[in-house]
Amino acid sequence: MTRGKFITLEGMDGAGKSTHIPTILAALEAKGVSVVVTREPGGTSLGESLRALLLHQAMHAETETLLMFAARREHIAEVIEPALARGDYVLSDRFTDATFAYQCGGRGVQAAKVRMLEEWVQGELQPDLTLLFDVPVEVSAQRLANARDPDKFEQENSDFFTRIRQAYLLRATAAPQRFKIINANQSLDNIKKILVEIISSL
Ligand code: TYD
């Protein structure tokens with residue numbers, strides 16, 4: 001049995017990545033593969049309970065980091081590894097790059113600590129492809145301003161999001177073979193075309 005591929009979606013709040021999940025899913029299914037669509041924090045029953053705490057309750061930045069990885073451990077064991085092992089593709093709305101961007105870039109948690117957790121929780125597991133939806137902070141802020149009921153992260157200021165964007169772009173530069181940066185500040189149709197092209201050339 002050929003192992004499936006692990007694809008992750010990343011970007012700041014308001015970059016619009018979730019909007020494009022149906023397009024990516026359809027492009028993958030057109031290749032004849034079965035796809036498990038999931039998200040972080042979340043993806044399991046325990047993970048979704050942790051998500052509710054993480055998105056709405058104030059806590060120490062390292063507590064936040066540890067809970068992200070607790071949810072991730074469960075997600076890998078219950079969903080990601082079994083799916084990849086049976087040959088399915090996994091499409092996850094966020095994964096560990098988000099921890100480096102939000103908890104390290106945004107909140108200042110030491111990257112060395114997150115690398116330790118990454119090694120512990122993931123072992124060799126890394127995404128095969130990461131689509132980074134990138135927009136200027138002013139654009140994402142404008143989109144978030146129109147959103148109802150912002151969560152804890154979405155209420156942060158533009159300095160926080162500037163650091164997150166920089167942290168994401170740095171990670172993409174450091175691993176160019178894994179990342180594809182999508183300019184998400186253009187028409188939905190253009191973005192859709194770019195995504196279909198990336199997926200069909202996988
Ligand atoms: P998000 O994926 O943007 O979902 P929605 O579109 O429903 O708002 O929300 C998840 C939030 O969690 C987002 O603000 C980023 C944050 N997050 C972290 O801070 N660290 C992480 O490791 C992960 C996976 C998410």
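The values are calculated or read from the model by the stated rules, or taken from the named source; none is laboratory data. It should be emphasised that the depicted structure is a prediction, and the values quoted were computed from it without experimental measurement. Using ideal geometry, Cβ is built from the backbone for each residue, glycine included, and neighbour counts are taken over all protein chains shown. We work out accessible area using only protein heavy atoms, side chains counted, and drop any ligands, DNA or RNA first. Shrake-Rupley method; radii C 1.70, N 1.55, O 1.52, S 1.80 Å.
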Pair list, Cβ < 7 Å and 6+ apart or interchain, from region 123-141 residues that are farther than 19 Å from Phe179 by Cβ to residues that are open to solvent by 30 Å² or more (accessible area, probe 1.4 Å)
Val137/Ser158; Val137/Thr162; Val137/Arg165; Val139/Asn185; Ala141/Ser158
Within region 27-38, is there a residue that is within 10 Å of the ligand (Cβ to nearest atom) and either modelled with pLDDT under 95 or out of contact with any His (no Cβ under 9 Å at 6 or more places or on another chain) (or both)?
no
Those residues that are part of a loop (DSSP other than H, G, I, E, B) and of a type outside the set (A, V, I, L, M, F, W, C), I need them from region 1-31; list them, please.
Thr2, Arg3, Gly4, Lys5, Asp13, Gly14, Gly16, Lys31
Tell me, please, whether a residue that is open to solvent by 20 Å² or more (accessible area, probe 1.4 Å), farther than 25 Å from Leu55 by Cβ and within 16 Å of the ligand (Cβ to nearest atom) can be found in region 131-150.
no
From the option list His60, His75, His20, single residue qualifying as without any contact (Cβ under 8 Å) to a residue 12 or more places away in the chain and either open to solvent by less than 30 Å² (accessible area, probe 1.4 Å) or out of contact with any Asp or Glu (no Cβ under 9 Å at 6 or more places or on another chain) (or both) is His60
Val135 among the β-branched types (Val, Ile, Thr), within 17 Å of Ser18 (Cα to Cα) and in contact with a strand residue (DSSP E or B) (Cβ under 6 Å, 6 or more places away or on another chain)
no
